[in-house]
Amino acid sequence: MLARTITHAVVGLDARRVDVEAHLQRGVPGFSIVGLADRACQEAKHRVRSGITSAELEWPMRRITVNLAPAGLRKEGSGFDLPIALSILAASGQLPRERLRGHAAVGELGLDGRLRPVGGVLAVAEAARRGGFERLLCAAPSAPEAALSGIEPVPVRHLAEAAAYVRGEAEPEPYDSANGHGPEPRYLDLADVRGQERARRALEIAAAGGHNLLLSGPPGTGKTMLARRLPGILPTLDPAEALEVTRIQSVAGLLDPERPLIMLRPFRSPHYSASVAAMVGGGPGIRPGEVTLAHRGVLMLDELAEFQRPALEALRQPIEDGEVAIARAAGRAVFPARFQLVATMNLCPCGARGDPAAECSCSPQRLAAFRDKLSRALLDRFDLVLAMPRPRAQELAAGPAEPSSAVRERVESARGRAPVQWAVDAEELLDRAVERVPLSGRGRARTRRVAQTLAALASADRVEASHVAEALSYRAPRELETA
Ligand SMILES: Nc1ncnc2c1ncn2[C@@H]1O[C@H](COP(=O)(O)OP(=O)(O)OP(=O)(O)O)[C@@H](O)[C@H]1O
Ligand SMILES: [Mg+2]
């Protein structure tokens, strides 16, 4: 007896159709899975067997072969459990085969037969819908996510419930499509940051132009505090972007079932011990890295100089291209990585540099090693570099400052308004700077873009010399200059 259930395997951020066929033969009882299944997928044997008995269904005493087709596609993870179980049940005559038509299935089984959610259900549901399937059997917590694709989810909590549904004995509870049962997530607000007018201004410019920003300075000046507040002043995601971000977070298994559709821009702040694979993606399977998890949002590197140099260098290519290509034994995937970078750092290992009230105790060797970490090429990719001074006592004692909502309004109106016209003296000032500062080719292009953002923020029709002058002021402080 042969039976088939359809599922989809996640490949990168996409999913491809997989036919799960179960074949039962007479002979010595046994169970094998063929079709390039990885380890988690091979372990399905134990979960499916135990799940079927726990659901008070019968484990067929036959020679069982499960084939995952196409055989050339590598199958990863535990989402194949449910379709494997359904195929075995149908092949042994415990479920009517024709009733599974028009359905796809995905989900992990517990040993007690309970269904658990897996990552990537949105991609699976989208692919199933494109393939003409109308319903997706999945774990109850995955249903809201699946519904985002337009497919009708059939949420099941237990394999016994799935079997009853396929037999036509029970309809699952109707799925409530309202997104957003959980509390609304919020960003940190700029109103908490006292003083630091220049740094606040730089944050606003970074948001308005999508510029990469580096905040440097002595400890405790509010660098981390300010950097964390960047996502809160960025324009809100449009619906297509929201779905794109949701798909990524789903594959990474980071979605909140109470609030599957992500409306806020992502904010990722990896620890400085992050490896290259954690940063750009990869590992044994192909997983999105921090640069992809930050897609359409902010990647914050707190204590930039503490990161391992290879992890930092690996960022250079995604910063330029807005995507990362990862090749592994498991295959190849291209992940989007269009993020905005914000980083913080002290000016030297002891942190005293840039603070008039403290004396730096770093040896020249330690200082050289510190600067070595940050290649010129990486520093060059920050459009805005700022040294933050220690705030004055009176600034810290002041009342709440301007809230993020007001800043975001200015950012939103500046976006997409960058003027193309340049005043003659503005061009001249930029040309002089190339000679005098001096500016690299990239440095010149960067200053140009920042000047355009400044003109857009000022609602000016053309870029003036004053905008160029301000753009030129956000250059790496002398302490960071490498010889
Ligand atoms: N400008 C500020 N306005 C309000 N609070 C501030 C400000 N600067 C610092 N603080 C307070 O000091 C704490 C430390 O600030 P933060 O962590 O941002 O410093 P930092 O510049 O990142 O220091 P480090 O270099 O040690 O990482 C904050 O949690 C906040 O309570
Ligand atoms: Mg800090």
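The values are calculated or read from the model by the stated rules, or taken from the named source; none is laboratory data. This is a predicted model, so every value here is computed, not measured. A quick note on method: Cβ atoms are made from the backbone with ideal geometry, for glycine too, and the neighbour counts reach across all protein chains shown.
Based on what the data block shows, is E98 part of a loop (DSSP other than H, G, I, E, B) and among the acidic types (D, E)? Please lay out each step first, then the result.
Working: part of a loop (DSSP other than H, G, I, E, B): no; among the acidic types (D, E): yes.
Against the criterion (part of a loop (DSSP other than H, G, I, E, B) and among the acidic types (D, E)), E98 does not qualify.
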*asked:* For the condition more than 16 Å from ligand 1 (Cβ to nearest atom) and touching a His at 6+ places or on another chain (Cβ under 9 Å), what is the one hit in P155, P144, P185, P174?
replied: P144
*asked:* Only one of P288, P310, P336 is closer than 25 Å to A252 by Cβ, in contact with a His (Cβ under 7 Å, 6 or more places away or on another chain) and not aliphatic (A, V, I, L, M). Can you tell me which?
replied: P336
*For the range 103-119, does any single residue satisfy the condition of being in a strand (DSSP E or B), farther than 20 Å from R39 by Cα and more than 27 Å from the chain's Cα centre (by Cα)?*
yes
*asked:* Take the residues in the range 211-248 that are of a type in the set (G, A, S) and at pLDDT below 95; name whichever of them is farthest from ligand 2 (Cβ to nearest atom).
replied: A240
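Each row is one residue, and each column tells you yes or no for (1) surrounded by 24 or more Cβ atoms within 10 Å (Cβ to Cβ); (2) assigned by TED's automatic domain parsing to the domain that holds V245; (3) in contact with a strand residue (DSSP E or B) (Cβ under 8 Å, 6 or more places away or on another chain).
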residue	(1), (2), (3)
R101	no, no, no
G107	yes, no, yes
L111	no, no, no
L115	yes, no, yes
G120	yes, no, yes
L136	yes, no, yes
A139	yes, no, yes
S149	no, no, no
E152	no, no, yes
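Filter the range 449-460 down to the residues that are crowded, with 18+ Cβ neighbours inside 10 Å and of a type outside the set (G, A, S) and list them by number. It would help to see each step written out before you state the result.
Of all residues in the range 449-460, those crowded, with 18+ Cβ neighbours inside 10 Å come to 450-457.
Across the range 449-460, the qualifying residues are V450, Q452, T453, L454, L457.
Looking only at the range 54-92, how many residues end up being hydrophobic (A, V, I, L, M, F, W, C) and not in a loop (DSSP other than H, G, I, E, B)? Steps first, please.
Of the residues in the range 54-92, the ones hydrophobic (A, V, I, L, M, F, W, C) are 55, 57, 59, 61, 64, 66, 68-69, 71, 73, 80, 82, 84-86, 88-91.
Those still in the list that are not in a loop (DSSP other than H, G, I, E, B) too: 64, 66, 68-69, 82, 84-86, 88-91.
Selection size over the range 54-92: 12.
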*Starting from residues that are within 7 Å of ligand 1 (Cβ to nearest atom) and of a type in the set (A, V, I, L, M, F, W, C), keep the ones in the range 202-228 and report whichever is surrounded by the fewest Cβ atoms within 10 Å (Cβ to Cβ).*
M225
*Within the range 1-53, which strands (runs of 3 or more DSSP E) (wholly inside it) include 2 or more residues that are touching a residue at least 60 places away in the same chain (Cβ under 8 Å) and touching a Leu at 6+ places or on another chain (Cβ under 7 Å)?*
2-11, 14-25
*Mind checking which residues of the range 8-47 are over 24 Å from I326 (Cβ atoms), among the β-branched types (V, I, T) and within 32 Å of the chain's Cα centre (by Cα)?*
V20
